[in-house]
Structures are given as structure tokens and as C-alpha cells.
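Q: Below is one structure. I have some questions about it.
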Amino acid sequence: RFYAMWDRISKIGAKYPEAIEGYDLYNEPGIVEGSEADWREICETAARTIHRNHPGAKIYYSCVYGGNPNGLFNLVPLAEDCEPQVITYHFYSPHAFSHQKTSTQNRGGDTCVFYPAWSAPIDWRAGNHFGGTSVDWYDRWTLAAIMLPVFEHYAEHRKPLHVGEYSIVGYANPKSPWGAFLWTRDATELIESQGASWHLWNWGFGLSNPLTRAYIHGLWQEGQ
């Protein structure tokens, strides 16, 4: 069904090449270490299916582990006949700051809504924001360390990079607008230092912060 879906979509897309930037094969694949080879084979088959209908179209190849940067540690680019390809990942670290009060219960009070700051990790399995494991410091240099797999992957393979999503999702924007802006600025500058293209995940999140909105608008104006 996966290959049949891309066969149908690419037949339509090939009719409107001026409107198609590329084909993003899968959003945040929940694949873990040890399954990278299987994932690569699946994506190569999908890419070849697309290229039969739409030759030369870009293929956006998502890293594993839900698209997070650590999913690039053992990811091998697609075969040469699947070019052009773009390696894509998402960035929301630390989730305890970017995803406060989204899909988890807060028990015992609010987490720290500042950035840079010390922050307790979200325990997604337990459904709360206090994992009870550690409290870690997050700042620009911590974000760079979390992105280390991205830099290492690019250094080894030299494939174009794209950040399909990054943003502060909701709660921290009104509670800590300057912190949310500083996180967005730091993440954006680190992403651009990789030569990567990017999409800020908005849907009322990122650009709802007036500081972030002014910053991103300024970047768009510079890009013109």
C-alpha cells in the first residue's frame, strides 16, 4: 500500500512539476536502531517508484527514531540511482521546553519554562513532565551537542539537509516569550550553519510569538 500510494501521488505530481519541491517519504518514522537497513530498502523502492513517474524529483529521506537527530547516527544515504535526495530531520529538543502541556499531564506544578535553563525531561511513557531521572542544562551549546549526529552525517556523506519541522509548541510562547525566541534563534542559526533548508512548524505555535515572528520575517526579507 505504501508503494502504491507513492505511485499514485507521483503520477499526479509529475503533471505539475513546477508545484512540486519533492516527495517526503514518511513523517517521523518510529523505527529504532537495528532497522536502518530495512528502512533504507523501503525508501529506495519508494524512490524508484516515484522516479518512474517523475524523473529527477527530489526525494526527502527521513532519519529514524521519530526523525530526531540521533536517528542519523547509523543512517546510510539512498543508492545513487535514487538521487537527488535530501536527508531530513526534525528538531524540538529539549521537549520539556518545546512541548510543555501538549500531550502529557503536569503533576505537581509547572516545569521550568525558561531557556536557557535547567529542565527535567518529559517522561512520555508515564505521561508527565517530571521523569524523575535527571535535571539537565539546556542552552545554545547543548542544542549544538544534540545536533552532533547531523554534523557527523553531513561530514561523512555530504548530502543536502532539510529540517522539516522545528518550533516551540504552544505553552512556552506566552509563559516565556523571550526564552522561546532565544531557542528559535539558536536553533535556526545552528541549522543554517549546516547549510540546511528548514520549515518552522507554525500552526499557531512558532509565529504566535511576536518576537519569533519578527525574527523569522527578518530572515525571509534577507532571503529575498
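Q: Can you give the angle from 0 to 90° between the axis of helix 210-223 and the longest principal axis of the chain, with both taken from C-alpha atoms, to the nearest 10?
A: Roughly 40 degrees, rounded to the nearest 10.
Q: May I pose another question? Cα axis of helix 36-53 to longest principal axis of the chain: angle in degrees, 0 to 90, nearest 10?
A: 50
Q: So what are the three principal axis dimensions of the chain from its Cα atoms, in whole Å, longest to shortest?
A: Between the extreme Cα coordinates on each principal axis of the chain lie 54, 43, 32 Å.
Q: Just for the Cα atoms in segment 112-223, what are the lengths along the principal axes, largest first, rounded to whole Å?
A: 39, 35, 22
Q: Place +1 on the Cβ of every Lys and Arg and -1 on the Cβ of every Asp and Glu in segment 1-92, take the dipole about the Cα centre, and give the residue among Asn68, Ala57, Ala14 whose Cα lies farthest towards its positive end.
A: Sorting the options by dipole projection puts first Ala14.
Q: Per residue, how much accessible area does segment 2-91 have with a 1.4 Å probe, in Å²? The partial results should precede the final answer.
A: On the way: 4400 Å² over 90 residues.
I get 49 Å² per residue for this part.
Q: As an exercise, use a Förster radius of 25 Å and the Cβ-Cβ distance of Glu156 and Asp24 to find the FRET efficiency, rounded to the nearest 0.05. Numbers along the way, then the final one.
A: Details: r = 22 Å, r/R0 = 0.90.
E(calc), rounded to 0.05, equals 0.65.
Q: Rounded to the nearest 5, what is the percent of antiparallel bridges among the DSSP beta bridges in the chain?
A: If we restrict to bridges inside the chain, about 20 percent are antiparallel.
Q: Right, something else. For the chain, what % of the accessible area comes from carbon and sulfur atoms, probe 1.4 Å?
A: 55
Q: Given DSSP loops and a limit of at most 14 other Cβ atoms within 10 Å, what is the longest stretch of the chain that contains no such chymotrypsin sites (Phe, Trp or Tyr not before Pro)?
A: My reading of the result: 1-123 is the longest stretch.
Q: Mind jotting down the distance between the C-alpha centroids of segment 165-224 and segment 33-90, whole Å?
A: Rounded to whole Å, the Cα centres lie 26 Å apart.
Q: Just to confirm the filter: which trypsin sites (Lys or Arg not before Pro) across segment 1-62 are DSSP coil and have at most 15 other Cβ within 10 angstrom of their Cβ?
A: Sites meeting the loop and neighbour criteria: Arg1, Lys15.
Q: Still on this model: Where does segment 4-54 land on Rg/Rh, using Cα atoms and the Kirkwood Rh?
A: Values: Rg = 12.4 Å, Rh = 11.9 Å.
Here Rg/Rh amounts to 1.04.
Q: Sticking with this structure for a sec: Quick one: what does P(r) look like for segment 46-92 with 10 Å bins over all Cα pairs, in whole %?
A: Distribution as computed: 29, 45, 24, 2 percent.
Q: For helix 2-13, report the angle its Cα long axis makes with the longest principal axis of the Cα atoms of the chain; keep it between 0 and 90° and round to the nearest 10°.
A: Once rounded, one gets 80 degrees.
The values are calculated or read from the model by the stated rules, or taken from the named source; none is laboratory data. Just so it is clear, the structure is predicted and the values come from calculations on it, not from any experiment. Glycine gets a Cβ as well: all are built from the backbone with ideal geometry, and neighbour counts include every protein chain shown. Heads up: the accessible areas ignore ligands, DNA and RNA and are worked out on the full protein's heavy atoms, side chains in. Shrake-Rupley method; radii C 1.70, N 1.55, O 1.52, S 1.80 Å.
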